[in-house]
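The values are calculated or read from the model by the stated rules, or taken from the named source; none is laboratory data. For clarity, every value in this text was computed on a predicted model and none was experimentally measured. So basically every Cβ, Gly included, is an ideal-geometry build from the backbone, and we count neighbours across all protein chains shown. When the accessible area is computed, the model is the full protein with side chains, heavy atoms only, and any ligands, DNA or RNA have been set aside. Shrake-Rupley method; radii C 1.70, N 1.55, O 1.52, S 1.80 Å.
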Amino acid sequence: DAGITQSPRYKITETGRQVTLMCHQTWSHSYMFWYRQDLGHGLRLIYYSAAADITDKGEVPDGYVVSRSKTENFPLTLESATRSQTSVYFCASMLAGVPNEQFFGPGTRLTVL
Amino acid sequence: AQKVTQAQTEISVVEKEDVTLDCVYETRDTTYYLFWYKQPPSGELVFLIRRNSFDEQNEISGRYSWNFQKSTSSFNFTITASQVVDSAVYFCALSEAPPIEEYGNKLVFGAGTILRVKS
């Protein structure tokens with residue numbers, strides 16, 4: 001199916017475990033983004049990528065790692081999950097060029113116990 | 001630094017009332033872009049509008065309208081004759097035009113306004 005997908009949609013894990021959230025898009029968009037959504041904060045950018053093998057930190061990168069070996073995939077890894085990382089995570093993609101509409105995935109609800 | 005403020009945490013209206021969602025932004029750039037997104041109860045984020053800093057014309061799309069005023073750094077969103085289906089969280093966001101494309105087009109979001117439309 002075309003579009004942007006995230007997996008898993010729901011995840012419960014324990015403090016200290018490594019967790020990887022997957023994001024896949026079929027549009028060949030250059031840009032991809034990871035956000036976390038928390039009450040009172042809106043969406044905050046964790047990491048973004050301008051193209052394969054080009055990534056950079058956003059506003060709240062601590063505790064997260066990303067990679068982008070292929071244009072269509074942008075996984076987000078929590079190296080050692082903490083309770084403060086309990087959140088809803090959204091992946092997004094966007095065409096290159098001037099700031100344009102970002103297309104968001106359905107989100108992953110992560111709970112760290 | 002960029003900042004977006006949505007001072008209204010939650011608004012409740014009765015169906016058919018008009019409602020305005022406020023958005024105030026801060027940026028040092030002269031070229032920037034403003035966005036509104038809708039997040040219905042199902043959770044997905046839906047793009048509503050993009051506006052660049054050089055286009056101050058107000059825009060109307062059906063029951064939706066947007067008022068962009070650079071003088072007050074505001075980009076307010078009005079829903080006319082609200083409906084229950086308009087109940088959602090609405091986010092205003094800002095993106096500065098990057099000096100180099102590889103730096104990315106990062107969005108800074110406001111905290112969101114919860115709109116509840118009662119029948």
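Data table
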{"quantity": "The range A:91-113, residues that are part of a loop (DSSP other than H, G, I, E, B) and either aliphatic (A, V, I, L, M) or surrounded by fewer than 20 Cβ atoms within 10 Å (Cβ to Cβ) (or both)", "calculated": "A:Leu95, A:Ala96, A:Gly97, A:Val98, A:Asn100, A:Glu101, A:Pro106, A:Leu113"}
{"quantity": "Any strands (runs of 3 or more DSSP E) falling wholly within the range A:1-90 and containing at least 3 residues that are farther than 18 Å from B:Leu107 by Cα, open to solvent by 20 Å² or more (accessible area, probe 1.4 Å) and hydroxyl-bearing (Ser, Thr, Tyr)", "calculated": "none"}
{"quantity": "Residues satisfying the stated conditions in the range B:28-37, i.e. in contact with a strand residue (DSSP E or B) (Cβ under 6 Å, 6 or more places away or on another chain) and either of a type in the set (A, V, I, L, M) or more than 9 Å from every other protein chain (Cβ to nearest Cβ) (or both)", "calculated": "B:Asp29, B:Leu34, B:Trp36"}
{"quantity": "Among residues of the range B:38-85, those that are farther than 13 Å from B:Cys23 by Cβ, assigned to a strand (DSSP E or B), within 14 Å of chain A (Cβ to nearest Cβ) and among the aliphatic types (A, V, I, L, M), counted", "calculated": "1"}
{"quantity": "Pairs with Cβ under 6 Å, 6+ apart, first in the range A:56-72 and within 14 Å of chain B (Cβ to nearest Cβ) and under 17 Å from A:Gln37 (Cβ atoms), second open to solvent by 20 Å² or more (accessible area, probe 1.4 Å) and among the hydroxyl-bearing types (Ser, Thr, Tyr)", "calculated": "A:Gly58/A:Tyr47; A:Pro61/A:Tyr47"}
